[in-house]
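First up is the structure itself, then whatever we jot down about it.
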Amino acid sequence: MKVLYVPRKWILAIILCIGIGLGTWYVVKPEAVQTAGSPAASKRIVINMVTGEFKSKLDNGKEIEAYRWDPGTIHIPHNQPVTLSIYGVNGKEHPFYIEGTNVKGNVIKGKETVLHLRFKKEGIYRLICKTHADISHNGPMIAYLVVD
Ligand SMILES: [Cu+2]
């Protein structure tokens, strides 16, 4: 049987080399690299929205609430295909339309409503819930689709 004899000095040298190697790797390891080009340059943009609810109690004990689209403002590049997915979380249902278009639909609690949109004209389009359109109807449940 052969026994490999390693002098004690060598063991220290080997440990030192491993340490320097790991240290160097830690310093020069690749970080997350920012890629060129904007996300808007990709083909289809998917925007996810949910229905939410704000609730509060006044000093006199009266409860007030407002339903919301969340996020309430989204930016969309014009003349690009966009998928808008709206998931119903709060509120039983939200029948809606997008002002200035023929787009309409309904968002139901626990279900996803998917719209395939393409805005040809720039401008601010309002996504309006017909049930909660203003303060007196537990709104305003309006999202602003900024097409630019
Ligand atoms: Cu609503």
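Counting only residues at least eight positions apart within a chain, or on another chain, the lysines with an alpha carbon under 26 Å from that of residue 55 are 92, 109, 111, 130. How would the stretch 39-147 be classified by its alpha-carbon gyration tensor: rounded, prolate or oblate, with rounded meaning a/c under 1.5 and the a/b versus b/c comparison settling the rest? It is prolate, given that a/c is not under 1.5 and a/b is the larger ratio. As an exercise, use a Förster radius of 25 Å and the Cβ-Cβ distance of residue 148 and residue 106 to find the FRET efficiency, rounded to the nearest 0.05. Approximately 0.35, to the nearest 0.05. Of the residues 113, 83, 51, the one with the fewest other Cβ atoms within 10 Å heads the list, and the complete ranking is 83, 113, 51. Only residues of the stretch 73-98 count here: report those whose backbone N is under 13 Å from the spot 7 Å along Cα→Cβ of residue 47, or say none. Inside the label zone: 73-86, 98.
Every read-out reported here was derived from the displayed coordinates using simple, explicitly stated rules and does not represent laboratory data. Predicted, not measured: the structure shown is a model, and the values here were computed from it. All Cβ positions, even for glycine, are placed from backbone atoms using ideal geometry, and neighbour counts span all protein chains on display.
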